[in-house]
Amino acid sequence: MTQSRGPAARSGAAHRSDGAAPGASADPAEVLAKLGHSWTWILGSAVATLVPGILVLVWPDETLHVLAVLIGLYLLVTGGFRFVASFARHDLGERLPGLLLAVLYVLAGVLCLRNPLQTIAALSLIVGVVWLVSGMLTLYTAIVAKGLPHRGFLFGAAVIGILAGIVVLALPTESARALTRLLGLWLVLLGLVEVVIAVAVRATFGKERATSARAPAGQADPAHPTGPTTYTDPAGSAGSSGSAGPAKPAGTD
């Protein structure tokens with residue numbers, strides 16, 4: 001029986017180790033969840049927000065056509081990032097807002113690229129609605145997901161997104177230059193907030209790995225006050241099955 005358990009355990013482990021890569025590659029949800037849970041993915045989303053904001057601020061004299069194309073690409077790329085990040089949530093109530101937000105970003109990006117020669121009011125309406133709804137859904141996620149260690153940063157990002165949407169929708173812009181500066185400033189601000197969230201998530205993962213690495217040694221000490229006995233107990237029990245008295249010193253030493 002002991003020999004049958006040994007190979008079975010090894011074959012099961014080998015089956016898992018061999019099947020881990022095919023299982024992960026065969027199941028798209030697990031692959032997307034692992035990718036969206038990483039802090040580098042959040043950092044990539046922050047870079048995708050920062051880059052168009054910086055470009056808009058550096059070249060504010062570009063035409064409305066260039067601005068619409070740049071904002072459309074930003075919305076499409078951000079929608080892809082949000083879609084993958086939504087799979088990092090296991091609860092459906094936390095995953096659904098992320099999926100809706102990804103659909104909203106992609107739809108707004110398609111509208112911007114479909115008609116780049118649209119008016120300033122139309123472009124302001126699209127971006128303002130996206131940021132307002134994004135901030136509200138992010139606020140909902142921060143309230144519902146109580147186990148998040150960085151909920152404060154999500155609250156901050158949600159408030160900034162809501163404010164950005166309200167400002168873009170409420171303040172009328174008469175020229176493409178004014179709209180360019182306004183959108184550029186908010187893009188840079190939102191990108192910086194996402195960078196802070198990515199750094200916070202990375203710090204949280206580092207602490208979890210450190211505590212998980214120290215957990216076995218810390219748990220072994222309370223369970224077994226003396227360190228060497230944790231390794232000699234199995235040998236002592238095997239020796240005591242033959243003879244109780246002399247086998248204990250012989251098994252330990």
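So the values come out like this:
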quantity: Any chance T138 is within 23 Å of the chain's Cα centre (by Cα) and β-branched (V, I, T); calculated: yes
quantity: Residues being under 17 Å from L139 (Cβ atoms), of a type outside the set (D, E, K, R) and surrounded by fewer than 17 Cβ atoms within 10 Å (Cβ to Cβ) - total across the range 88-98; calculated: 2
quantity: Hey, L64 closer than 21 Å to L183 by Cβ and modelled with pLDDT of 80 or more or not; calculated: no
quantity: Flag for T173 being in a loop (DSSP other than H, G, I, E, B), under 21 Å from L75 (Cα atoms) and at pLDDT 50 or above; calculated: yes
quantity: Index of the failed condition, L148 passing every other in (1) hydrophobic (A, V, I, L, M, F, W, C); (2) at pLDDT below 90; (3) in a helix (DSSP H, G or I); calculated: (3)
quantity: The range 107-121: number of residues that are surrounded by 13 or more Cβ atoms within 10 Å (Cβ to Cβ) and part of a helix (DSSP H, G or I); calculated: 8
quantity: Yes/no for L183 being out of contact with any strand residue (DSSP E or B) (no Cβ under 9 Å at 6 or more places or on another chain), crowded, with 18+ Cβ neighbours inside 10 Å and assigned to a helix (DSSP H, G or I); calculated: yes
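Results for (1) surrounded by fewer than 17 Cβ atoms within 10 Å (Cβ to Cβ); (2) basic (K, R); (3) within 16 Å of L182 (Cα to Cα); (4) at pLDDT 90 or above, shown as yes or no for each residue.
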site: D27; (1), (2), (3), (4): yes, no, no, no
site: L57; (1), (2), (3), (4): yes, no, yes, no
site: L70; (1), (2), (3), (4): no, no, yes, no
site: S86; (1), (2), (3), (4): no, no, no, no
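The values are calculated or read from the model by the stated rules, or taken from the named source; none is laboratory data. Only a predicted model underlies this, so the values are computations on that prediction, with no experimental measurement involved. Note that we place each Cβ from the backbone using ideal geometry, even for glycine, and neighbour counts take in every protein chain shown.
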